[in-house]
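Contents: one structure, followed by commentary.
The values are calculated or read from the model by the stated rules, or taken from the named source; none is laboratory data. Just so we're clear, the structure is a prediction, and the values are computed from it rather than from any experiment. Backbone-built Cβ (ideal geometry, glycine too); neighbour counts: all protein chains shown. Just the protein is used for accessible areas: all its heavy atoms, side chains included, with ligands, DNA and RNA removed. Shrake-Rupley method; radii C 1.70, N 1.55, O 1.52, S 1.80 Å.
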Amino acid sequence: MVQIRMRKLFFLYIAISTVAFIWFYSSCGFPECKEKEIDHLIKKYKARNKELDKKISDLSQQLQGCQKNVMSSGRTEFSHSPTIYMVTPTHTHPEQKANLVRLSHTLLHVKNIHWIVVEDSVSKTVLVSKFLQSSGVKNTHLAALTPHEIKMKYNDPTWLKPKGVLQRNAAIQWIRENVKPNRDKGVVYFADDDNTYSLEIFQEMRSTKKVTVWPVGLVGGLRYEKPVVKDGKVTGWFTYWKPNRPFPMDMAGFAVNVNLFFKFPEARFSNEVPRGFLESTILEQLNVKMEDLEPRAVNCSKVLVWHTRTEKTKLKNEQLMIKQHGQGSDTNIEV
């Protein structure tokens, strides 16, 4: 009985193994067939991969071409646009570097600008020289000393005497000596270092034919001062202080085509003018008339520059530190 059962189990094992074998190869194929199928799939994959590599290469070349076209287009656009020669007088005071750093960060976003920084000093200082070298803005660094007898003291009110006169004149002279009027299209803008400038203002002035004008915010004891515009022409001025001046506006409120400084080579700023007449004097010397003014900033309805002022820092505790501890701040640390 045992032998019969063992025999039955053996035949059952053989039957099950045979069925399993047949099922496996019917599902997976015989080895040689499977191998051929795998070879076919590999060849198909390699062909597809080669095709994709070619497409990627073609797309990469197209992308590089597009990038070159965009960069070339940008260089062409700005290489043919007028350069803005921005003139900034500066002098040594505790807030000087902070003002210049803040202003430079605006100028980093402006294409085709040449920053002319003029120190009120016998020679160029190390602080400003080092700063300009690392500023990332194309610049020219000059120095022109204001005589002691007409120089403002640190605590004098800002309106007491004309400021930045000789420094602006030094920049104008540099422009006359280095710019080629028949070759170099440009605009001159006199910009104080503590004002606030929208990036839009630089685009507004770039197409100046003679003199462009716009509103200035937070100036003259008003929320803004501005030219009055009618039918696209300047007809008057919105200002409270001395409205009868020929051009009653702030220095930040106009830009001049560089060619005018060559057409009128004697034009320059003067310390011998009444308070508030610096702007009027230079424009009159450039033979500018009311009808020459080109209103910008949506017909002078939009404020894009503000006559902000940096607060004078009180450093009285420096002396107290010296008195109590024998020394104040380390003067080797540049501020």
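Here are a few things to note about the model shown:
- Failed item, numbered, when residue 161 is tested on (1) in contact with a helix residue (DSSP H, G or I) (Cβ under 8 Å, 6 or more places away or on another chain); (2) within 13 Å of residue 90 (Cα to Cα): (2)
- Residue ID - nearest to residue 218 (Cα to Cα), chosen from residues in region 308-322 that are over 37 Å from the mean Cα position of the chain (by Cα) and surrounded by 12 or more Cβ atoms within 10 Å (Cβ to Cβ): 321
- The set of residues in region 99-109 that are within 21 Å of residue 200 (Cβ to Cβ) and open to solvent by 20 Å² or more (accessible area, probe 1.4 Å) comprises 102, 105, 106, 108, 109.
- Test result for residue 288, closer than 16 Å to residue 214 by Cβ and more than 25 Å from the chain's Cα centre (by Cα): yes
- Any hit, region 299-318, residues being under 30 Å from residue 93 (Cα atoms), in contact with a Gly (Cβ under 6 Å, 6 or more places away or on another chain) and part of a helix (DSSP H, G or I): yes
- Residue 210 vs. criteria in contact with a helix residue (DSSP H, G or I) (Cβ under 6 Å, 6 or more places away or on another chain) and either open to solvent by 50 Å² or more (accessible area, probe 1.4 Å) or closer than 14 Å to residue 280 by Cα (or both): yes
- Among residues that are open to solvent by less than 50 Å² (accessible area, probe 1.4 Å), touching a strand residue (DSSP E or B) at 6+ places or on another chain (Cβ under 8 Å), of a type outside the set (A, V, I, L, M, F, W, C) and modelled with pLDDT of 95 or more, residue 299 is not included.
- Qualifying positions in region 177-207 - open to solvent by less than 40 Å² (accessible area, probe 1.4 Å), at pLDDT 95 or above, charged (D, E, K, R) and over 30 Å from residue 94 (Cβ atoms): 206
- When region 226-274 is filtered for residues that are in a strand (DSSP E or B) and either of a type in the set (Phe, Trp, Tyr) or open to solvent by less than 20 Å² (accessible area, probe 1.4 Å) (or both), the ones remaining, listed by number, are 227, 234, 236, 237, 238, 254, 255, 256.
- Candidates 284, 279, filtered to the one that is closer than 27 Å to residue 308 by Cβ and either open to solvent by 10 Å² or more (accessible area, probe 1.4 Å) or part of a strand (DSSP E or B) (or both): 279
- Looking only at residues in region 114-136 that are surrounded by fewer than 18 Cβ atoms within 10 Å (Cβ to Cβ) and aliphatic (A, V, I, L, M), the one that is nearest to residue 333 (Cα to Cα) is 127.
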